[in-house]
Structure formats: C-alpha cells, structure tokens
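> Submitted below is the structure of interest, expressed as structure tokens.
The values are calculated or read from the model by the stated rules, or taken from the named source; none is laboratory data. In this text the structure is predicted, and so the values were computed from the model without any measurement. Reconstructed Cβ throughout: ideal geometry from the backbone, glycine too, with neighbour counts over all protein chains shown.
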Amino acid sequence: MLELFTPHFASKFIEENPCPLRTQVEYSPKEYIHIKGFSADPVGDNKAKIADGILHKYKGRILVLVTDACALHCRFCFRRNQKNAPIKNLPQKLSGVLANDPNIKEVILSGGDPLMLSDNELQNFFDVIPAHINIRIHSRMPIAKPERFTPQLLQMLKILGHRLIFVLHCNHPNELDEKSKRIFNFLSKNKITVLNQSVLLNGVNDNAQTLAELSQKLFSQFVMPYYLHQLDRAQGTAHFEVPLLTATKIFKKLKELLPGYLVPKFVKEVAGKKSKVWL
C-alpha cells in the first residue's frame, strides 16, 4: 500500500508511539475490515452532483472538485473511496452553472486539494467566478507543503482579498510551525479570512487538552477555529471513529477550557441535509 505524505509533514513526526501526525497518513490493515454503517459515499456527494465535478448541497453555495490530487493522503478521508478521471473544461462548466443560477453567492474549491493545481490552472477558475461571488479554498497545503506558497501564488490570493475565505484542515497542534505562521500572517494582512476545520480522530486528537492547544495555537497563527467534525463514516475509516457519547464528553470539556470565540462548532455532515448538523 502506497503511503503518501510530504517530507515537510514527515519532518514533524515524533518518536512517540503513536505519533499523532504519522497516524493520520500511515496505512493500517484495519482499513480492509468491512464495517456496517460505513460506506463509499458517506456525505452524499454523488446525489448532490449537478454536473461533472460540481456539487450543489447547500443553498447559495456550490462545491467544485477541481482535482483528486492531495499533498497528504489522509487515511480518514471521506472521499478515499472515490476516484474520478480528470474533467475536461471544468472552469468552463463552472462558468455555465454560475451563469444559469443567480442565487450562488459562494464557490468552494475542493478536491483533493485545490492548491495541487498549477497557478495557471487555479487562475482559470478564479477568472470565471464573477467578482460578486465569494471564493472558498479548502487546503492542507500550508502544513503539508508550505513551499507551494510562492510569491506568484501569494500575489494571486492577495488580489482576491476579502472575497477569499481560506479554510485550513489541521487536526493537531504539531502540524503548525513557523512556516505555516508566515503564510497565515500574509493572508490575514491582506484581508483574507482564515479558518480551520478539524476531524475528531481516535489516537490523534481525542482529548480536550489537545483540542484546546490546537485552538490556541491556531489563533496565535491568525487562524480562527471553525468546525470540529465527527468522523464521516467512509468505508475503511472505522478505527478513527470516536464514539459519539465519548465525543460529546470531550467537547463539553473543551468548552470549559477555552473562551467561546476559540471553541469550534462540533458538527456532523449528514447526506441530504440542508446544512451541517450541530452536535
């Protein structure tokens, strides 16, 4: 089984066993155990598809799967069982969808990781999104491959300014370092909203103290905690799941450790629902 992670991410592994970063990206034979209630599409992506690579789940927002590629292959990924061929002319398809739906207020670029695209490929998407529509990027690149943030890319993001919402995926405080801090400092100085979403993971961050440290460290790097997700039940990820009763106890303790503005919303995505479900 191929294990994919960047040298930069691997440089933050620790000798402790288990290492909370290594655990996220290291293959386990438990992935082959078939568990009832876990599926290939736990969040209903397929039913939400309105065009190849384009999903419409929530009012006023569409999500574009711009690539399958990632800098990290997280073993708990809810899209781990979905592999799609590259879609030709996806920016043009997106342009057509936006032209036909005046109610769209935000385009979410996801995947995979949007920043795996080249600058030119990324710019092709930016160019077809009208100026009145916000752009959201979901990415692990600042903690996986900070060298991706070249002066050219940073300038592209700077031009978008306040209409860009950058959502980091970070699950443990050890993922953050001085390189990530410089990136987030630049984004925040240029009026870009920077948020973080995490997944509650067994053996990684399944205690209130670690989650509190994560929120505090994020804030020190100009990032606001946004969501803490209960695990999406993708087939092959059951060993990462924290039982819901245990999870609610952890979250209750977390609220006692942090000021309200640093407490992420504890949520679950349920296929077919019109919004995230608060837990």
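> Does the range 74-87 contain at least one residue that is touching a residue at least 40 places away in the same chain (Cβ under 8 Å) and among the aliphatic types (A, V, I, L, M)?
no
> Which residue, of Leu21, Leu65, Leu90, is buried (at least 19 other Cβ atoms within 10 Å of the Cβ) and touching a His at 6+ places or on another chain (Cβ under 7 Å)? Explain how you work it out, then say what you get.
Working: Leu65 fails: touching a His at 6+ places or on another chain (Cβ under 7 Å); Leu90 fails: touching a His at 6+ places or on another chain (Cβ under 7 Å).
The conditions single out Leu21.
> Considering every residue within the range 91-103, establish whether at least one is part of a helix (DSSP H, G or I), under 30 Å from Gly203 (Cα atoms) and not β-branched (Val, Ile, Thr).
Within the range 91-103, none of the residues are part of a helix (DSSP H, G or I), under 30 Å from Gly203 (Cα atoms) and not β-branched (Val, Ile, Thr).
> Would you point out the residue of the range 138-151, among those that are free of Cβ contacts under 8 Å to residues at least 60 places away in the same chain and exposed (fewer than 11 other Cβ atoms within 10 Å of the Cβ), that is nearest to Ala71 (Cα to Cα)?
Of everything passing the filter in the range 138-151, Thr150 is nearest to Ala71 (Cα to Cα).
> OK, next. Of all residues in the range 256-279, count the ones that are closer than 14 Å to Leu211 by Cα and either acidic (Asp, Glu) or at pLDDT below 95 (or both).
Of the residues in the range 256-279, 1 are closer than 14 Å to Leu211 by Cα and either acidic (Asp, Glu) or at pLDDT below 95 (or both).
> Name the residue, out of Phe78, Phe5, Phe9, that is buried (at least 17 other Cβ atoms within 10 Å of the Cβ), in contact with a Pro (Cβ under 8 Å, 6 or more places away or on another chain) and either more than 25 Å from Leu168 (Cα to Cα) or among the hydrophobic types (A, V, I, L, M, F, W, C) (or both).
It is Phe78.
> Still on this structure: Report whether or not Gln230 is under 17 Å from the mean Cα position of the chain (by Cα) and polar (S, T, N, Q).
Answer is yes for this residue.
Let's see how each residue does on (1) more than 22 Å from Pro20 (Cβ to Cβ); (2) of a type in the set (Lys, Arg); (3) loosely packed, with under 14 Cβ neighbours inside 10 Å:
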position: Gly236; (1), (2), (3): no, no, no
position: Leu244; (1), (2), (3): no, no, yes
position: Lys249; (1), (2), (3): no, yes, yes
position: Pro259; (1), (2), (3): yes, no, yes
position: Val277; (1), (2), (3): yes, no, yes
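> Also, I was wondering about something else. Given the criteria free of Cβ contacts under 8 Å to residues at least 24 places away in the same chain and either within 20 Å of Leu4 (Cα to Cα) or surrounded by 14 or more Cβ atoms within 10 Å (Cβ to Cβ) (or both), does Ser118 qualify?
Answer is yes for this residue.
> Okay, next question. Within the range 25-58, track down each residue that is more than 20 Å from the chain's Cα centre (by Cα) and closer than 25 Å to Ile137 by Cα.
The answer is Lys47, Ile50, Ala51, Asp52.
> What tally of residues in the range 152-175 results from selecting those that are under 19 Å from Ala71 (Cα atoms), under 15 Å from the mean Cα position of the chain (by Cα) and hydrophobic (A, V, I, L, M, F, W, C)?
Final tally of qualifying residues: 4.
> Which one is farthest from the chain's Cα centre (by Cα), of the residues in the range 176-207 that are small (Gly, Ala, Ser) and under 19 Å from Thr23 (Cβ atoms)?
Of everything passing the filter in the range 176-207, Gly203 is farthest from the chain's Cα centre (by Cα).
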